Amino acid sequence: MTKIKNEQLILASASPRRKEMLRASGIPFYIVIADIEEKPLENEGGHDYVKRNAREKALAVSEKTLSADFILSADTIVVTHEDKILEKPQNKEHAKKMLEALSGSTHLVLSGYSLFQNKKEIVSRVIETFVTFRNLSAREIDAYIKTGEPFDKAGAYGIQGRAMGFIEKIEGSYTNVMGLPLSQVLLDLKDFAGIETYTQIDD
C-alpha cells in the first residue's frame, strides 16, 4: 500500500517518460512544470550542469506552491566521448549530427535529480550510465529521424523506442537513460519523504 504523510509529491517535469515511470511505481503525484533556462555555463561540466538544472527546476516550482508538498525534479543529458554535452536536438540536421557523433562509440548519460520541500533542498544526486552504440549507417540515421522520435530526447534517441536496436551495451541504470534513475529515486523518496511504492502483491 502506498504510504504518504500529509504531503503529496509534485513532479516538476513535462517528460512523459518520467510520468510513466512514477505512475508505474504506484506513487500518487501531480505535475507542475518548471520554467527555467537550460544552458550550460562557461566551462561547466555535465555533472554540475544537470545537478544545477534539477535544483533550479525544483526551486522554481516551489515558488509556485504554497503547500509543504515534496517536489521531485530531474534533468538528463548525453555527454559524448569528446565531453560534448548533447541535449534535445533543435532540428533534423542537429539530430543527424548527434546520432553521427554517437555512432560506434560509448557515451555517458547523466541524470540529475533533486527532492525539495518548503523551498529547501533535501537531496540531490547525479547518476551515470554508459551506453555503447553500434555503427549506424546514414540510411538508418535518416530513417530514425523521419520517425520524429529524436526531437524531445537528450542525445536525439530514446532507449525505450525505435533506437533500442542501436544499443550494443549498457552499463548502469536503464531507466536513467529514459530520464530518471528510478531505483535510486524510489529509495530517496522512501528515506527522505516517507513515500513508498506499492509493496502489497495480490495472491
Take residue 56 and decide whether it is open to solvent by 10 Å² or more (accessible area, probe 1.4 Å), among the acidic types (Asp, Glu) and more than 15 Å from the chain's Cα centre (by Cα).
no
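Rundown of residues vs (1) touching a Leu at 6+ places or on another chain (Cβ under 7 Å); (2) under 16 Å from residue 158 (Cα atoms); (3) among the small types (Gly, Ala, Ser), yes/no style:
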{"site": "11", "(1), (2), (3)": "yes, no, no"}
{"site": "19", "(1), (2), (3)": "yes, yes, no"}
{"site": "45", "(1), (2), (3)": "no, no, yes"}
{"site": "66", "(1), (2), (3)": "no, no, no"}
{"site": "88", "(1), (2), (3)": "no, yes, no"}
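The rows are residues; the columns are (1) over 17 Å from residue 107 (Cα atoms); (2) part of a loop (DSSP other than H, G, I, E, B); (3) in contact with a Phe, Trp or Tyr (Cβ under 7 Å, 6 or more places away or on another chain); (4) open to solvent by less than 80 Å² (accessible area, probe 1.4 Å).
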{"position": "131", "(1), (2), (3), (4)": "no, no, no, yes"}
{"position": "135", "(1), (2), (3), (4)": "no, yes, no, no"}
{"position": "145", "(1), (2), (3), (4)": "yes, no, no, yes"}
{"position": "155", "(1), (2), (3), (4)": "no, no, no, yes"}
{"position": "158", "(1), (2), (3), (4)": "no, yes, no, yes"}
{"position": "169", "(1), (2), (3), (4)": "no, no, no, no"}
{"position": "175", "(1), (2), (3), (4)": "no, no, no, yes"}
{"position": "186", "(1), (2), (3), (4)": "yes, no, no, yes"}
{"position": "190", "(1), (2), (3), (4)": "yes, no, no, no"}
Could we say that residue 104 is open to solvent by 10 Å² or more (accessible area, probe 1.4 Å) and closer than 25 Å to residue 171 by Cα here?
yes
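For (1) within 28 Å of residue 149 (Cβ to Cβ); (2) polar (S, T, N, Q), each residue gets a yes or a no:
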| residue | (1), (2) |
| --- | --- |
| 40 | yes, no |
| 48 | no, no |
| 70 | no, no |
| 76 | yes, yes |
| 107 | yes, no |
| 114 | yes, yes |
Tell me which of these residue 67 doesn't satisfy, since it passes every other one: (1) at pLDDT below 95; (2) touching a Lys or Arg at 6+ places or on another chain (Cβ under 7 Å); (3) open to solvent by 30 Å² or more (accessible area, probe 1.4 Å); (4) not aromatic (Phe, Trp, Tyr).
(2)
Qualifying residue in the stretch 116-123 (condition: at pLDDT 95 or above, open to solvent by 20 Å² or more (accessible area, probe 1.4 Å), within 19 Å of residue 88 (Cβ to Cβ) and not basic (Lys, Arg)):
no
When you go through (1) part of a strand (DSSP E or B); (2) open to solvent by 30 Å² or more (accessible area, probe 1.4 Å) one by one for residue 76, which number turns out not to apply?
(2)
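The values are calculated or read from the model by the stated rules, or taken from the named source; none is laboratory data. Quantities reported herein were computed from a predicted structural model and do not represent experimental measurements. Positions of Cβ are generated from backbone atoms using ideal geometry, with glycine treated the same way; all protein chains shown enter the neighbour counts. Quick note on the areas: whole protein, heavy atoms, side chains included, nothing else; ligands and nucleic acids left out. Shrake-Rupley method; radii C 1.70, N 1.55, O 1.52, S 1.80 Å.
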